[in-house]
Amino acid sequence: MRVSEAVSSRISCRSFRSDPVPGEVLRDILRLARQAPSGGNLQPWHVYAVGGEALQRLTSDVLGKLAEHPHGEGGEYRIYPEHLKEPYRSRRFKCGEDLYALLNIERSDKAGRRRQFRENFRFFGAPIGLFIYLDRQMQPGQWADVGMVLQTVMLLAREHGLHTCPQEAWAMWPKTIAAHLDPPPELMLFCGLAVGYMDPEHPLNGLRTDRAEVKEFCIFIDT
């Protein structure tokens, strides 16, 4: 698969088949992803790859707490700005509306939206969940490095016929996840990443989000 094909076919998959991901494939993806850019070669990413019964115990724990704590237990960073301005606000709103429209869930159907939101904490049925951490000492430059290694993992997954879904929603549950993974206290949970084989029949996997034209985000000077 060419890089351009991996980029164009990568989506945030929201329904996976239960087929297992071979351990050697996952290890090969992470081995190659190490080559992602890293300022000063800090390589600030820390990854916990979880599957099988361990993943089942973790997801069951979080799902069992959702009814009482629908907003989680408090993440360590704000996922979105408190007062999101345009055009970002409209982009986020449309993404959500397009997603629920594919499921025929009206905006007034709060119960239906909550049910779909719970799927985040099943990793949308994926057999592998990655949890991405970075040291609390790190600064915005190193957060960018983590983003680059995540993109590299997602593109390499496509080469193996896999799909992924990056999920910052997992950052809402740092204490519960830490109880299962036992990370050192200096590490902060950034996100989760679902990894598996896409269910092509699920309507949500037909979602393709709008993207701005190049002229909207790039100013060309003497090029």
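Quick note: the coordinates plus some simple rules give every number you see, no bench work behind them. Keep in mind it's a predicted model, so treat the numbers as computed, not measured. Here the Cβ is made from the backbone with ideal geometry for all residues, glycine too, and neighbour counts use every protein chain on show.
Key figures for this structure:
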{"item": "Residue with peak Gaussian network fluctuation, the chain [Cα springs, cutoff 10 Å], from His160, His83, His46", "result": "His83"}
{"item": "For Ile128, residues with placed amide H under 5 Å, excluding near neighbours", "result": "Val195"}
{"item": "The chain: most fluctuating residue of Leu204, Leu102, Leu193 per GNM, C-alpha cutoff 10 Å", "result": "Leu102"}
{"item": "Per-residue [θ]222 nm for the chain (sum of -39500 (n - 2.57) over DSSP H runs n ≥ 4, rounded to 500)", "result": "-12000 deg cm²/dmol"}
{"item": "Global form of the range 91-223, assessed from the alpha-carbon gyration tensor, a/c cut-off 1.5", "result": "oblate"}
{"item": "Mean separation of Cα contacts under 8 Å, 6 or more apart, over the residue count of the range 165-209: relative contact order %", "result": "49"}
{"item": "GNM top mover of Leu187, Leu134, Leu84 - the chain, alpha-carbon springs below 10 Å", "result": "Leu84"}
{"item": "Relative contact order, percent, the range 123-223 [alpha-carbon distance under 8 Å, six or more residues apart]", "result": "41"}
{"item": "Convex hull of the range 94-143 built on C-alpha atoms - directionally averaged projected area, nm²", "result": "5.6"}
{"item": "Partner lysines for Lys215 [C-alpha distance under 26 Å; skip if fewer than 8 residues away on the same chain]", "result": "Lys85, Lys94"}
{"item": "Shape metrics for the chain, restricted to C-alpha atoms - Rg then Dmax, Å", "result": "17.9, 57"}
{"item": "Relative contact order computed over the chain (Cα-Cα under 8 Å; 6+ residues apart), in percent", "result": "40"}
{"item": "Charged-residue dipole, Cβ positions (Lys, Arg, Asp, Glu), the chain about Cα centre, Debye nearest 20", "result": "360"}
{"item": "DSSP loop GluC sites (Glu not before Pro) with at most 13 other Cβ within 10 Å excluded, longest remaining stretch of the chain", "result": "107-185"}
{"item": "Rounded, prolate or oblate (a/c below 1.5 giving rounded, otherwise prolate when a/b exceeds b/c) for the range 1-106 by Cα gyration tensor", "result": "rounded"}
{"item": "Gyration tensor verdict on the range 159-213 (Cα atoms; rounded if a/c is under 1.5, prolate if a/b is larger than b/c, oblate otherwise)", "result": "prolate"}
